[in-house]
Amino acid sequence: MGKILMKGCEAIAEAAVLGGCRFYAGYPITPQNELPEYMSVRLPEVGGDFVQGESEVASINMVYGAATVGTRAMTSSSSPGIALKSEGISYLSGANLPALIVNVSRGGPGLGTIQPAQSDYLQATKAMGHGGFRMIVFAPYSLQEAVDLTYNAFDYAERDRNPVLILIDGALGSIKELVELPPMKELPTEQAKWQLGNPTGEKRVARMLTSIYPEAGLETLNRTKGEMAVAWGENDVMVEEFLLDDAEYVVVAYGIAARVAKEAITGLREKGVKIGMIRPITLFPFPKGSFRKLDYGKVKAFIDIEMTVPAQMRDDIALEVLDRAPIYEYGRSGGVLLDDDGVLEAIEKVLEGEA
Amino acid sequence: MEQLYKRPKCIQPMQSGYCPGCLHSLATRITAEVVEELEQQNNCILVLPVGCSTMGLLYWKIDMVGSAHGRAPAVATGVKRCSKNSLVFTYQGDGDLAAIGLAEILSAANRGENYTVLFANNSIYGMTGGQMAPTTLEGQKSTTTQKGRDPLTTGYPMRMCELIATLDAPKYVARFSLHDPANVRKAKAGIKKAFETQLAGGGFTFVELMINCPTNWGLTPLDSLTYMVENTIPVFPLGVYKDVEV
Amino acid sequence: MKNTLLVGGSGGQGVMSVGTMLAESAAENGKYATFMPVYGPEQRGGSARCTVIISDDEIMSPLPKKVKTLIAMNEQSYKKFINELEEGGILVMNSSRVTSTVAREDIRIVSLPADDIALETGNIRNANIVMIGAYLASTGAMDPAEFMKSLEHKFKNKPEVIEQNRKALDKGAEIGKQTS
């Protein structure tokens, strides 16, 4: 299949269906309404089910229900709506259930703005809900990458029996660009081992899925989930290391910000500036290794570029960089978008020692 | 000798942890009997909420999922939509269903989800220690209405069957009581009818079961049954509120 | 080559649809394209804008601070976006609706009465197509004939729509070529 022009939200929705999603529940919120709208048409075509929930809270719990019977289920929302879903996401993790959550983020806090922003990094990577669970967070920067990551997201979710988050901003959700869609995945023929319901009527012990753990069970769960997150750091990190070999200046950016930064970096390279970029594709697990292997004798400064103010990824960068080089930050927020000139000027300030 | 009365096989062989005289046990038992009479013990999924009813997780021997407080109807929506041949039911208390979960129950009922909600109404939050519920009677004492519920500041008892029966989609909506054997038999028949309606693909069914809470009402089990007859049932009239042929 | 375009107008002038068609057509013709709408709470009648980038190479930033071409469909969008046009850029201006005198002297101006032309060629709603004709011919972002092919494909069951569009596009392109 050739490349076609698709809108961000629709490309993600289609990729999820191709990746096996057969249930979607969600509640309208800008800027991600094209995702449920697309699903309302598409899922019935493949024998799936779409429900417009009465709230974000209800929707995430519908996803939880669908996951208990082994169906690949997802929901999407935007920042304030994701906050409402956070309890349910915690329950998913607590009950060892897979699901796909998509946050097409907008500016905050509060009702904030419907315009794009990258203001949910801390929520996504540190505490997507109560109780100290973690989840893999993918942050694509192009629609092709969004399609590819979404397509495989259920594989991670089912492997770990844990929800997976895809985090993009409203700009990537609304943009139209070229994507190549993968083929429809074959759905697993065997029942999931946690699957409730017994369509074949086989004799088996009754199953229970819950996130309530009397006594010692919960500590065991906490340990297991903790070890799982450590293993992600060893096996599942995804990162783009762009022109780092001789880099004296290292930009750190993800998602839409990384695209704008890449344009600036390419321009500066043409002028002979030794600059590169670490672009986390998984925000969690964070690509620590990319920072550890840098030659700190060469690196003069880091520039954290995010479409939020103040920068939220900075603490993760600082934990790796320590005091070996200064970290500068540049961002726009509140629905004001980053732009080419602004990012270039911010980097040039650092180069000229004026930051 | 013929055995007339035995423990349903889909209930664990253990003593119930519900308080002495609590009708949650009886509600569980008659539901289990219906499940077995319909031969659904290998084909059902019970969605349990938060409250005393959560303890069902310990007693049942069928597939179960525990959900967040008030969200059982949303969870059951996801379950049933993706497992259309299973008998799916929730068993929720009044704080769970009529307060925190009001949006979920009314919306699921309004969508006509094809599952059954069993609603145990004892006019109080049991598990958390006896706070006022939306179903607490006027003047009834609770730990958060220590002088008795005052409608001027806390409103009136909320009647869920009556609310749900106003919606177009639900197929069967009825309220029963478990305070005496004759009513228990009626309640069991009501649960059976609801399950059969669901299995026939009929749509949303809602069965309210009036029960007691001797512990938090501060009454002996026997006195609590008298209290139900004299006080609770007059406020929550028993009967079938909606019965649509499917 | 990379061309950045901002289309501005009022809701109902076909800003979003023409931006999408342009991006789709570029993609069909083997180019890279991005279409970035600006969404807002106003569903109808408010101001509408989108940015379209057409490029021979993969497009990195979809968020240029300034664009090479501005299509101003009406007075309001002209005023709002004229300073987002880069030095040496091209303003394609619908003189049926833009009444201001252009003060900037560092830009090239392609001025055409798109509403009137659209009316003459059969449908006032094709003013956006007239403007695209002028844009393509004056910038060389893409061959207008290639864009026309996409329109033919899109409206393949509506020959009368194709004809109206062809006339509108040709007329716009004719004026655009004169000023290129």
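Across the stretch C:96-112, what is the total count of residues that are among the hydrophobic types (A, V, I, L, M, F, W, C) and modelled with pLDDT under 95?
So the answer is 2.
Hey, could you check the stretch B:45-61 for residues that are over 13 Å from the mean Cα position of the chain (by Cα) and buried (at least 24 other Cβ atoms within 10 Å of the Cβ) and say which is farthest from A:Glu202 (Cα to Cα)?
Ranking the qualifying residues of the stretch B:45-61, first place goes to B:Trp60.
Within the stretch B:28-61, how many residues are in contact (Cβ under 8 Å) with a residue 24 or more places away in the chain, assigned to a helix (DSSP H, G or I) and of a type in the set (A, V, I, L, M, F, W, C)?
The total comes to 7.
Which members of the stretch C:113-122 meet the condition of being modelled with pLDDT of 95 or more and in a loop (DSSP other than H, G, I, E, B)?
Within the stretch C:113-122, C:Pro113 is the sole residue that qualifies.
Residue by residue through the stretch A:248-261, note down the ones that are without any contact (Cβ under 8 Å) to a residue 60 or more places away in the chain and surrounded by fewer than 24 Cβ atoms within 10 Å (Cβ to Cβ).
A:Glu248
Given B:Val88, B:Val75, which one is within 16 Å of B:Gly201 (Cβ to Cβ), of a type in the set (A, V, I, L, M) and not in a loop (DSSP other than H, G, I, E, B)?
B:Val88
Go through the stretch A:237-260 and report how many residues are on the phi > 0 side of the Ramachandran plot and more than 14 Å from every other protein chain (Cβ to nearest Cβ).
Result for the stretch A:237-260: 0.
Could you tell me which numbered condition A:Arg269 fails, if it satisfies all but one of (1) in contact with a Phe, Trp or Tyr (Cβ under 8 Å, 6 or more places away or on another chain); (2) assigned by TED's automatic domain parsing to the domain that holds A:Asp295?
So A:Arg269 meets the others, but not (1).
Report those helices (runs of 4 or more DSSP H) wholly inside the stretch A:27-121 carrying at least 1 residues which are at pLDDT 95 or above and more than 14 Å from chain B (Cβ to nearest Cβ).
Fully inside the stretch A:27-121 and qualifying: A:34-45, A:79-94.
So which of B:Ala108, B:Ala68 ends up being at the interface with chain A (Cβ under 9 Å from one of its Cβ atoms), in contact (Cβ under 8 Å) with a residue 60 or more places away in the chain and in contact with a Pro (Cβ under 9 Å, 6 or more places away or on another chain)?
B:Ala108
Any idea how many residues of the stretch B:18-65 are more than 9 Å from every other protein chain (Cβ to nearest Cβ) and under 25 Å from B:Met228 (Cβ atoms)? So that I can check it myself, show each step before the final result.
Applying the first criterion (more than 9 Å from every other protein chain (Cβ to nearest Cβ)) to the stretch B:18-65 yields B:18-40, B:46, B:49, B:51-53, B:55-56, B:59.
Cutting the leftovers down to under 25 Å from B:Met228 (Cβ atoms) gives us B:18-34, B:49, B:51-53, B:55-56, B:59.
Of the residues in the stretch B:18-65, 24 are more than 9 Å from every other protein chain (Cβ to nearest Cβ) and under 25 Å from B:Met228 (Cβ atoms).
Residue-by-condition table, conditions (1) within 14 Å of another protein chain (Cβ to nearest Cβ); (2) in contact (Cβ under 8 Å) with a residue 60 or more places away in the chain:
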residue: A:Glu190; (1), (2): no, no
residue: A:Lys193; (1), (2): yes, no
residue: A:Gly197; (1), (2): yes, yes
residue: A:Arg223; (1), (2): no, no
residue: A:Gly226; (1), (2): no, no
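For the stretch A:138-157, give me the residue count where each residue is out of contact with any Gly (no Cβ under 9 Å at 6 or more places or on another chain) and surrounded by fewer than 22 Cβ atoms within 10 Å (Cβ to Cβ).
4
Could you list, in sequence order, the residues of the stretch B:155-164 that are out of contact with any Asp or Glu (no Cβ under 7 Å at 6 or more places or on another chain), outside any loop (DSSP other than H, G, I, E, B) and buried (at least 19 other Cβ atoms within 10 Å of the Cβ)?
Matches in the stretch B:155-164: B:Ile164 only.
Any residue in the stretch A:289-303 that is in contact with a helix residue (DSSP H, G or I) (Cβ under 9 Å, 6 or more places away or on another chain), touching a residue at least 40 places away in the same chain (Cβ under 8 Å), in a helix (DSSP H, G or I) and aromatic (Phe, Trp, Tyr)?
Checked the stretch A:289-303: no residue is in contact with a helix residue (DSSP H, G or I) (Cβ under 9 Å, 6 or more places away or on another chain), touching a residue at least 40 places away in the same chain (Cβ under 8 Å), in a helix (DSSP H, G or I) and aromatic (Phe, Trp, Tyr).
For the list (1) outside any loop (DSSP other than H, G, I, E, B); (2) under 16 Å from the mean Cα position of the chain (by Cα), I need the number of the one condition that B:Leu152 fails.
(2) is the only condition that B:Leu152 fails.
Can you name every residue in the stretch A:259-272 that is in contact with a strand residue (DSSP E or B) (Cβ under 7 Å, 6 or more places away or on another chain) and assigned to a loop (DSSP other than H, G, I, E, B)?
none
Of all the residues that make up the stretch B:203-246, how many are at pLDDT 95 or above and in contact with a strand residue (DSSP E or B) (Cβ under 9 Å, 6 or more places away or on another chain)?
Of the residues in the stretch B:203-246, 25 are at pLDDT 95 or above and in contact with a strand residue (DSSP E or B) (Cβ under 9 Å, 6 or more places away or on another chain).
How many residues are out of contact with any Phe, Trp or Tyr (no Cβ under 7 Å at 6 or more places or on another chain), closer than 20 Å to B:His24 by Cα and not charged (D, E, K, R) if we restrict to the stretch B:152-180?
Residues flagged as out of contact with any Phe, Trp or Tyr (no Cβ under 7 Å at 6 or more places or on another chain), closer than 20 Å to B:His24 by Cα and not charged (D, E, K, R) within the stretch B:152-180 amount to 4.
Is there a residue in the stretch A:320-333 that is touching an Asp or Glu at 6+ places or on another chain (Cβ under 6 Å), within 14 Å of chain C (Cβ to nearest Cβ) and acidic (Asp, Glu)?
No, the conditions are met nowhere in the stretch A:320-333.
Please work out which residue is surrounded by the fewest Cβ atoms within 10 Å (Cβ to Cβ), limiting yourself to the stretch A:160-187 and to residues that are touching a residue at least 24 places away in the same chain (Cβ under 8 Å) and more than 29 Å from A:Gln115 (Cα to Cα).
A:Pro183
What pairs can you find where one residue is in the stretch C:4-20 and assigned to a loop (DSSP other than H, G, I, E, B), the other is surrounded by fewer than 23 Cβ atoms within 10 Å (Cβ to Cβ), and their Cβ atoms are less than 6 Å apart, with a gap of 6+ or different chains?
Filtered contacts from the stretch C:4-20: C:Gly11/C:Arg44; C:Gly11/C:Gly45; C:Gly11/C:Gly46.
Looking only at the stretch A:261-287, how many residues end up being under 16 Å from A:Tyr121 (Cβ atoms) and either more than 10 Å from chain C (Cβ to nearest Cβ) or touching a Lys or Arg at 6+ places or on another chain (Cβ under 7 Å) (or both)?
10
Within the stretch B:118-135, take every residue that is of a type outside the set (S, T, N, Q) and part of a loop (DSSP other than H, G, I, E, B) and give me the one that is surrounded by the fewest Cβ atoms within 10 Å (Cβ to Cβ).
B:Gly129
So, of the residues in the stretch B:88-105 that are more than 24 Å from A:Leu43 (Cβ to Cβ) and more than 13 Å from the chain's Cα centre (by Cα), which turns out to be farthest from the other protein chains (Cβ to nearest Cβ)?
B:Ala99
Of the numbered conditions (1) farther than 19 Å from C:Ser138 by Cβ; (2) buried (at least 20 other Cβ atoms within 10 Å of the Cβ), C:Leu5 satisfies every one except a single condition; which is it?
For C:Leu5, the failing item is (1).
Does any residue of the stretch C:54-62 turn out to be more than 14 Å from chain A (Cβ to nearest Cβ) and not in a helix (DSSP H, G or I)? Write out each step before concluding.
Taking the stretch C:54-62 first, the residues more than 14 Å from chain A (Cβ to nearest Cβ) are none.
No, the stretch C:54-62 contains no residue that is more than 14 Å from chain A (Cβ to nearest Cβ) and not in a helix (DSSP H, G or I).
Only one of C:Arg166, C:Arg125, C:Arg97 is part of a loop (DSSP other than H, G, I, E, B) and among the basic types (Lys, Arg); which?
Result of the check over C:Arg166, C:Arg125, C:Arg97: C:Arg97.
Just to be sure I understand, how many residues within the stretch A:324-336 are over 14 Å from A:Ala253 (Cα atoms) and modelled with pLDDT of 95 or more?
4
The values are calculated or read from the model by the stated rules, or taken from the named source; none is laboratory data. Keep in mind that what you see is a predicted model, and the values were worked out from it rather than measured. Note that each Cβ is placed from the backbone with ideal geometry, even for glycine, and that neighbours are counted across all protein chains shown.
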